[in-house]
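Since the structure comes first, as structure tokens, the remarks are kept for the end.
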Amino acid sequence: MWLEILLTSVLGFVIYWFVSRDKEETLPLEDGWWGPGARPAAAEDGSIRPFKVETSEEEIQDLHRRIDRVRLTPPLEDVRFHFGFNSTYLKKVLSYWRNDFDWRKQVDILNRYPHFKTRIEGLDIHFIHVKPPQPPSGCTPKPLLMVHGWPGSFYEFYKIIPLLTDPRSHGLSEEHVFEVICPSIPGYGFSEASSKKGLNSVATARIFYKLMLRLGFREFYIQGGDWGALICTNIAQMVPSHVKGLHLNMAFIVNPGILTLLLGRRFPRLFGYTQRDMELLFPFREKVFYSLLRESGYMHIQCTKPDTVGCALNDSPVGLAAYILEKFSTWTNSEFRDLEDGGLERKFSLDDLLTNVMLYWTTGTIASSQRFYKENLGQGFMANKHDRIKVHVPTGFAAFPCELMHVPEKWVKFKYPKLVSYSYMARGGHFAAFEEPELLARDICKFVGLL
């Protein structure tokens, strides 16, 4: 009898292990064509062309005329940023933009790094590619793809790039030196927008994978937040053998652990929550439920009718600035809603903020950038295969305390079983590379050092 019980127990364990183990599924590596019309019979031009950001007097004068004609609605008394971007503070931003902001100077700053374009799946894809100026002797720089999100741009990475490509000159260890590739998502900035429906994060992941192959990299590291986190996750799901390491500062996770939140406050250790998790997640009603409700209105619009609001924002630089900069206020720190100026200049300069806005304004890409929401989130809950596939490449995660929603380590590990590094960051919010470049650079290097 005991032998039968033992054999039954062993068999039950084997069946349980087989059923519950992580299945290493991958996303299919398909193909696409996003240019206008039918795909041509001729092979696509795979050349890499230098690109330079340019401006003109006409472009600047048109911007100034539109700012001069602005009509603002007075804010309510003592409203601060609780109703959105406060128009009293907006007057200061517009005065600076109109009279002091030097777009030509910022164009020169943008051109400090080498820009390129190449044609992939019918679209001109823009990217910057920065190599170490003086790599240490015997050191082979590690290729690192960094992907931005909305309403950001490749410019978010301008302050972290030198910390990764030339760490010694910036007081950091040169144990890990990178060459950094920062592409613009199709329909953002200088990357051409799709002419067809369906260009989502998976298609973008495939395009960026092809970009890395075209640059000669068969193995590389990837890093991202916001949409960049999802795109990089999809790359890891699609071609795991080519990804040496995945580093994220945001995660899109549908996790059974979320259901434990209501009990987690009473029994945190039982559900794997640390004291820091408790501080960042509770009180749940305020820090998660109400916070997500307050900050997700834009998402519903962009997941359903992006082109409608896109018409207004593409026609008005003032409306565009208010729409974008409001996110740089509340997504950097939700408590900035309580400040008259939204706390914008506590973490960023107006030059940096307006440069990011100008990348949307001068390229006319706000509507096409917003379509990315409908393409990715407009099909319904768990509608995409990648939502259900785990990521089986070494992963590092930086948990910035002011991110839109805190994701505990146990939740991250559910989606990314090979999580090797999870860091509670000292400060910072959603735009990590833009706001806290040194903290993020150090965490990337720590993660790579563990592999």
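The values are calculated or read from the model by the stated rules, or taken from the named source; none is laboratory data. Since this is a predicted model, take the numbers as computed values, not measurements. With ideal geometry, Cβ positions are generated from the backbone for all residues, glycine too; neighbour counts draw on all protein chains shown. Quick note on the areas: whole protein, heavy atoms, side chains included, nothing else; ligands and nucleic acids left out. Shrake-Rupley method; radii C 1.70, N 1.55, O 1.52, S 1.80 Å.
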Of all C-alpha pairs within region 278-328, those more than 17 angstrom apart amount in percent to 51 percent
Relative to the chain, whose Cα atoms define the longest principal axis, helix 366-377 and its Cα axis are tilted in degrees, nearest 10, by 20 degrees
As straight-line cross-link partners of Lys418, the qualifying lysines (C-alpha separation under 22 Å, not fewer than 8 residues apart within one chain) are Lys23, Lys142, Lys244, Lys385, Lys390, Lys410, Lys446
Give me the angle, in degrees from 0 to 90, between the Cα long axis of helix 437-450 and the longest principal axis of the Cα atoms of the chain, rounded to the nearest 10.
30 degrees
What does the accessible area of Leu262 come to, in Å² to the nearest 10, when a probe of 1.4 Å is used?
140 Å²
Given a 1.4 Å probe and heavy atoms of the protein chains only, how would you sort Thr308, Thr26, largest accessible area at the top?
Thr308, Thr26
Per the charge dipole of region 369-451 (beta-carbon charges, Lys/Arg positive, Asp/Glu negative, Cα centre), the residue among Tyr422, Ala432, Gly378 reaching farthest to the positive end is Gly378
Dividing the convex hull volume of the Cα atoms of region 285-361 by its residue count, what figure in Å³ per residue is obtained?
92 Å³
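Over region 48-450, give the accessible area per residue in Å² for a 1.4 Å probe, as an integer.
42 Å²
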Residues of type aspartates and glutamates that Lys91 reaches as a straight line, Cα spacing below 15 Å, ignoring anything fewer than 8 places off in the same chain:
Asp68, Asp100, Glu326, Glu340, Asp341, Glu345
Which of the trypsin sites (Lys or Arg not before Pro) found in region 205-297 are loop residues per DSSP with 13 or fewer other Cβ atoms within 10 Å of their Cβ?
Arg218, Arg266
Suppose accessible area is computed on protein heavy atoms with a 1.4 Å probe; arrange Thr332, Thr274 from highest to lowest.
Thr274, Thr332
Mean projected area in nm² (Cα convex hull; one quarter of hull surface) for region 48-450:
19.7 nm²
Ignoring everything but the protein chains, give the 1.4 Å probe accessible area of Phe208 in square angstrom, nearest 10.
0 Å²
Pairs of alpha-carbon atoms within less than 8 angstrom and 6+ residues apart define the contacts here; what relative contact order does the chain have, in percent?
20 percent
Sequence-distant or interchain residues sharing an amide H contact under 5 Å with Phe51, placed H: which?
His115, Phe116, Lys117
Between Tyr424 and Val70, with labels modelled 7 Å along Cα→Cβ, what's the label distance in nm to one decimal, could you check?
4.1 nm
Probe radius 1.4 Å, ligands and nucleic acids ignored: give me the carbon and sulfur share of the accessible area of the chain as a rounded percent.
55 percent
Rounded to 0.05, the calculated FRET efficiency for the beta carbons of Ala43 and Lys197 at R₀ = 22 Å is 0.30
How far is helix 306-315 tilted off the main Cα axis of the chain, in degrees rounded to 10, range 0 to 90?
30 degrees
Taking Lys347, Lys390 and ranking on accessible area (1.4 Å, protein atoms only), highest first, one gets Lys347, Lys390
Mind checking which aspartates and glutamates have their Cα closer than 12 Å to the Cα of Lys196? Skip sequence neighbours fewer than 8 apart in that chain.
Glu121, Glu375
On each of the three principal axes the extent of the alpha-carbon atoms of region 392-449, given in whole Å and largest first, is 29, 26, 14
Taking just the alpha-carbon atoms of region 344-451, what radius of gyration and Dmax come out, in angstrom?
17.0, 43
